[in-house]
Each structure stands twice: as C-alpha cells, then as structure tokens.
Amino acid sequence: MKLAVPDLISNSYFPAVAAVELGFFDKEGLDVSLELVFPVDKAYRALRDGTVDFVGGSAHSALAGFPEWQGVKLLCAQAQGMYWFLVMRADLGVRRGDLGVVRGRSIGAAPWVEMGLRRLLIAAGIDLQRDEVTIAPVPGASGAAVVNFGVTAAKALEEGQIDGFWANGMGAEIAVRRGVGTVVLDVRRGDGPKGCFDYTMSSLAATDRLIDRSPETAAAAIRAILKTQAALKDDVARATQVGRRLFPPEEAELIAELIRRDLPYYDPSISPSFVTGMNQFARDIGILQGQVPYEKVVATRFAGLWKG
C-alpha cells in the first residue's frame with residue numbers, strides 16, 4: 001500500500017511519515033510505503049485515481065480530488081489546527097501579528113496551502129488587490145520531481161526572491177535560525193483572526209472504496225497513527241531517528257525540537273466543530289458549495305479508536 005504526503009522534510013505530516021519509518025504500520029499488519037506527491041491537490045487526485053491508498057495532508061485539500069466530499073473520508077488527525085507559518089524578511093523589522101507587513105509584498109505559498117493565507121488575510125481586513133499582495137508559488141518549487149516546500153521557501157527568502165512565505169515549521173525554523181526570516185503568524189499557537197485555527201488540519205484520509213471494502217485496513221491505519229503519536233510523546237528523540245534516515249543533516253537535527261513543540265496538538269480526534277469551521281472556510285474560498293454533514297466528511301465509524 002502507498003501513503004502519499006505532499007512535503008517530506010517537515011513536521012507537518014511527521015506522524016504519518018514516522019508511522020512508516022518506525023514500523024507502526026507493519027505492526028498493524030499493513031505493508032505501507034511513503035510517496036512524496038507535491039502539491040497536495042495532486043496527492044488527493046492520486047488517491048481518487050487509486051494510485052495511492054492514503055493521503056497524509058491538509059484536510060480541506062481533499063476537496064481537490066473529491067468535490068463536495070464525495071468518495072473520501074478523514075480517518076483521523078495527525079495533529080490539531082492549521083499548522084502553517086507566515087514568515088517575512090527579517091530586515092522588514094516586523095512585529096509578531098502585524099499583518100500590515102504583507103501590503104505590497106510577494107509571498108510564496110504552495111497550491112491549496114495558499115488558500116488558508118488568502119482567507120486569513122481577508123478576515124484580517126487585507127484586500128489582496130487593493131493592498132497589492134502577491135501570493136504565488138515559490139520559485140524553484142513548481143514542476144520539480146521532488147519538492148520539499150518549506151525548505152525551498154526558506155532558500156528563496158534567503159536569496160531575496162520573495163518577501164515572505166506561508167509554509168511549514170521546518171521552513172520557518174530554518175529561516176529564523178539563519179537570520180533571514182521573522183515569524184509573523186503561528187496560527188496553531190493563537191495568532192491570526194478568529195476561527196482560522198479550524199481552517200484545516202493535518203489529517204489521514206482514505207477513499208470510501210477502501211473503507212467499505214476493508215474497514216479493518218482503515219482501522220489499522222488509524223491505530224498506526226495513534227501509536228506513533230504516543231511513541232513520539234513518550235520519547236521525542238525518535239523523531240531524530242526518523243529524520244536521520246530521511247532528511248538532510250541540518251533538518252534531521254532540527255526535527256525533534258519541532259515535534260516537541262507540536263506534541264500538545266497530537267490528538268487524533270476530528271470534532272464536529274472543526275468540520276463546521278473547515279467547511280465554512282471551504283465555502284468562503286469557493287471550493288465547497290453545499291452544507292455537508294459531519295458524517296459525510298469524517299469516518300465516524302472509527303471514532304472510538306481515537307480514544308486509544
């Protein structure tokens with residue numbers, strides 16, 4: 001079986017990555033391999049087309065392959081909350097939370113990921129056209145066979161190709177440590193307009209086909225994620241073990257600290273209130289039309305597994 005993630009050198013989808021690398025899928029009787037499929041909409045289309053079996057990605061992006069949530073379900077959360085950071089050039093001297101800095105600036109963001117930033121800025125009173133905010137793919141990230149978006153974004157910021165980026169914690173950490181970037185927004189930890197925490201989350205998704213054909217496979221995948229979350233909480237140094245197998249040296253030595261910060265959000269549940277918030281966000285940005293109920297978005301038959 002294949003599990004697609006849209007970014008590998010990152011903390012965003014680390015529970016899914018670590019579930020493979022630490023053997024938790026194997027322990028559940030599933031032979032699962034990782035596939036890096038960028039951008040995330042392509043990963044969900046691969047899920048729709050049957051070339052992968054699971055996607056560990058941003059929850060709202062399932063709509064790229066499954067309009068109106070037809071044919072897909074979220075199995076569990078990898079972690080709670082929208083998990084991207086807005087990072088701007090350090091020389092702008094911006095203060096945390098000051099979204100006025102985006103006026104007249106170019107910001108790099110991946111497809112579908114950028115929707116969270118667009119909606120957040122609109123909610124904060126920024127008119128993207130009037131305020132001349134350019135949100136576009138990061139130079140060097142489009143069309144590449146293998147892409148690790150946050151790392152690419154940090155490099156583009158350092159080289160002066162963009163004024164800022166909206167990307168994962170690894171990209172943010174690299175930019176800050178190199179002195180080229182300042183974190184303006186960290187939504188997961190309380191920054192940004194009301195409600196933006198629930199725009200999306202890092203989740204695990206599968207098709208209705210797989211769930212109906214083999215519910216035990218779906219249940220085993222959920223258990224693998226839960227056991228991975230628990231193992232990382234028990235010993236976060238396991239993250240370094242995984243990083244040294246998969247990441248370049250600099251990122252491998254950073255990953256455990258990033259995961260340590262994320263551990264409070266390692267809750268596998270997907271609540272009705274989250275789905276309400278996510279679906280409202282999806283309607284606001286035009287990727288969802290209808291009022292889709294909770295049980296059509298989430299594989300509720302497995303909710304009992306979230307308690308461990």
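Nothing in this text is a laboratory measurement; each read-out follows from the coordinates by a stated rule. Computed from a predicted structure; not experimentally measured. Cβ placement follows ideal geometry from the backbone for every residue including glycine, while neighbour counts extend to all protein chains displayed.
The per residue volume of the convex hull around the alpha-carbon atoms of the stretch 237-308 is 152 Å³. Here LYS155 is the anchor, and the aspartates and glutamates within straight C-alpha reach of less than 14 Å, apart from those fewer than 8 places off in the same chain, are ASP163, GLU173, GLU250, GLU251.
Excluding same-chain neighbours fewer than eight residues apart, the aspartates and glutamates reachable from LYS227 by a Cα-Cα span under 15 Å are GLU21, ASP26, GLU28, ASP235, ASP267.
Taking the Cα centre of the stretch 80-173 as origin and assigning +1 to Lys and Arg Cβ atoms and -1 to Asp and Glu Cβ atoms, the resulting dipole is close to 200 debye. Which number do you get for Rg(Cα) / (2.2 N^0.38 Å) in the stretch 1-147? That ratio works out to 1.18.
Using only Cα coordinates, the Kirkwood hydrodynamic radius of the stretch 174-308 works out to 17.5 Å. Dividing the convex hull volume of the alpha carbon atoms of the chain by its residue count gives 116 Å³ per residue. By DSSP, the beta bridges lying fully in the chain are antiparallel in about 60 percent of cases. Considering only PHE54, PRO39, ALA109, and ranking their Cα positions along the charge dipole of the stretch 33-115 that arises from unit charges at the beta-carbon of Lys, Arg, Asp and Glu, the one farthest toward the positive end is ALA109.
Which whole-angstrom value gives the distance between the alpha carbon centres of the stretch 212-236 and the stretch 45-81? What the calculation gives is 17 Å, centre to centre.
Ordering PHE24, ALA167, GLY308 by Cα displacement along the dipole of the chain toward the positive end leaves GLY308 in first place; charges were set at the Cβ atoms of Lys, Arg (+1) and Asp, Glu (-1). Counting only trypsin sites (Lys or Arg not before Pro) that DSSP places in a loop and that have at most 15 other Cβ atoms within 10 Å, the longest clean stretch of the chain runs over 195-308. Per residue, the average separation of C-alpha pairs within less than 8 Å and at least 6 apart gives the stretch 4-138 a relative contact order of 21 percent. Mean-square fluctuations from a GNM of the chain, with a 10 angstrom spring cutoff on Cα atoms, peak among LEU258, LEU128, LEU34 at LEU128. Once the mean of 1/r is taken over each pair of separate Cα atoms and inverted, the stretch 247-287 shows a Kirkwood hydrodynamic radius of 13.0 Å. Computed from the Kirkwood radius of its Cα pairs, the Stokes-Einstein diffusion coefficient for the stretch 154-235 at 20 °C and 1.002 mPa s stands at 133 µm²/s.
Nothing charged except the Cβ atoms of Lys and Arg (+1) and of Asp and Glu (-1): what's the magnitude of the dipole of the stretch 156-197 about its Cα centre? Round to the nearest 20 debye. Before the final figure, lay out each step's value.
Numbers: 5 positive and 6 negative charges, 48 e Å.
Dipole size: approximately 240 debye.
Here the Kirkwood formula puts the hydrodynamic radius of the stretch 61-154 at 15.4 Å, using every distinct Cα pair.
By the helix-only formula, in which each DSSP H run with n ≥ 4 contributes -39500 (n - 2.57) and the sum is divided by residues, the chain has a 222 nm mean residue ellipticity of -11000 deg cm²/dmol.
With Cα atoms as the point set, the stretch 94-203 shows a radius of gyration and Dmax of 13.2, 37 Å.
Listed by chain and number, the aspartates and glutamates whose alpha-carbon sits under 16 Å from that of LYS73, ignoring those within fewer than 8 places in the same chain, are ASP41, ASP49, ASP53, ASP208, ASP212, GLU216, GLU295. What are the DSSP H helices in the chain that stretch 15 Å or more along their long axis, judged by alpha-carbon atoms, and whose average Kyte-Doolittle hydropathy comes to at least -1.0? The answer, listed by residue number, is 215-234, 249-262, 272-284. For the stretch 1-66, the orientation-averaged shadow of the C-alpha convex hull comes to 4.1 nm² (one quarter of the hull surface).
Dipole size of the stretch 226-306 about its Cα centre, with +1 on Lys/Arg Cβ and -1 on Asp/Glu Cβ: approximately 300 debye, rounded to the nearest 20.
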